[in-house]
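Reviewing the structure listed below.
The values are calculated or read from the model by the stated rules, or taken from the named source; none is laboratory data. Just so it is clear, the structure is predicted and the values come from calculations on it, not from any experiment. Here the Cβ is made from the backbone with ideal geometry for all residues, glycine too, and neighbour counts use every protein chain on show. Calculation scope for accessible area: heavy atoms of the full protein, side chains included, ligands and nucleic acids excluded. Shrake-Rupley method; radii C 1.70, N 1.55, O 1.52, S 1.80 Å.
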Amino acid sequence: QSALTQPASVSGSPGQSITISCTGTAGDVGGYNYVSWYQQHPGKAPKLMIYEVTNRPSGVSNRFSGSKSGNTASLTISGLQAEDESDYYCSSYTSSSTVVFGGGTKLTVL
Amino acid sequence: QLQLQESGPGLVKPSETLSLTCTVSGGSISSNIYYWGWIRQPPGKGLEWIGSIYYSGSTYYNPSLKSRVTISVDTSKNHFSLKLSAVTAADTAVYYCARRTSYGDLDYWGQGTLVTVSS
């Protein structure tokens with residue numbers, strides 16, 4: 001299975017909105033509404049931010065939202081804050097009952 | 001509150017077998033809703049899904065690692081384990097265990113443990 005494709009980096013100023021894309025295939029992102037997004041701060045374990053494309057776990061800010069169109073899923077962070085600066089990873093369930101991650105995106109808050 | 005904790009040697013010699021255990025507390029590993037998985041992250045690189053197991057013993061592996069990976073579960077000890085054989089320096093990584101839902105998302109993670117492959 002090939003890794004999902006994410007931009008290596010994105011940036012934005014405080015208060016702005018940014019979107020991170022995650023492109024797969026019909027065998028993963030396009031075939032299932034089972035895309036997740038994780039936030040990982042340096043030296044820490046990843047934290048689930050979005051599951052099943054659009055759902056937020058309890059305690060995750062509503063500034064984080066997810067969507068999907070075809071084989072590409074997206075994570076949008078609105079009202080950027082300094083604490084949002086982190087690495088973000090997408091993942092998808094696959095037709096082989098496995099999980100595949102994206103390569104990760106480094107978000108810089110300017 | 002569910003907690004997961006990885007344990008095992010931090011140093012493994014090349015060609016040997018890496019063995020890690022993930023102990024689950026605050027919940028039962030025998031739940032028929034969840035799977036239990038392993039993920040790794042080489043230093044400075046991204047996440048790689050290794051595989052997962054259901055309490056019944058059904059396993060699902062990353063095809064690129066399948067020939068070297070074995071994941072097992074011990075419901076009596078509420079833990080599950082990872083074995084990765086014939087390791088090389090490329091297997092040096094932080095290894096995480098996590099709880100996986102039926103739909104693939106990983107909602108609880110261990111803190112991770114660094115395993116270095118070196119002679």
Subject >> Nearest-10 value in Å² for the accessible area of B:LYS66, using the 1.4 Å probe >> reply: 130
**OP:** Compute the distance in nm between two label points, each set 7 Å from the Cα along the Cα-to-Cβ direction, one at A:THR19 and one at B:GLN5.
**Re:** 4.4
Subject >> Mean separation of Cα contacts under 8 Å, 6 or more apart, over the residue count of chain B: relative contact order % >> reply: 36
**OP:** With label points built 7 Å along Cα→Cβ from the Cα atoms of B:ASN78 and A:ARG63, find their separation and express it in nm.
**Re:** 3.6
Original post:
Averaged over peptide B:97-108, how many Cβ atoms belonging to another chain are found within 10 Å of each residue's Cβ?
Top reply: 6
Original post:
What are the lysines whose alpha-carbon lies under 29 Å from the alpha-carbon of B:LYS77, with same-chain residues fewer than 8 places away excluded?
Top reply: A:LYS44, A:LYS47, B:LYS13, B:LYS66
**OP:** Taking 7 Å along the Cα-to-C-beta vector as the label spot, tell me the A:THR76-A:LYS44 distance in nanometres, rounded to one decimal.
**Re:** 2.5
Subject >> From phi via Karplus (6.51, -1.76, 1.60), per-residue ³J(HN,Hα) for the range A:96-110 in Hz, x at Gly/Pro >> reply: 9, 6, 10, 10, 10, 9, x, x, x, 10, 8, 9, 10, 9, 5
Original post:
Hey, how many Å between the Cα centroid of the range A:88-110 and the Cα centroid of the range B:30-45?
Top reply: 14
Original post:
Whole-Hz Karplus ³J(HN,Hα) for the range B:78-93, in order, using 6.51 cos²θ - 1.76 cosθ + 1.60 and θ = phi - 60°, x for Gly and Pro?
Top reply: 6, 9, 9, 9, 10, 10, 10, 8, 6, 6, 10, 4, 5, 8, 5, 5
**OP:** Using just the alpha carbons, could you tell me how many Å³ per residue the convex hull of chain B encloses?
**Re:** 97
Subject >> Largest-first principal axis extents, alpha carbons of chain A, Å >> reply: 39, 25, 25
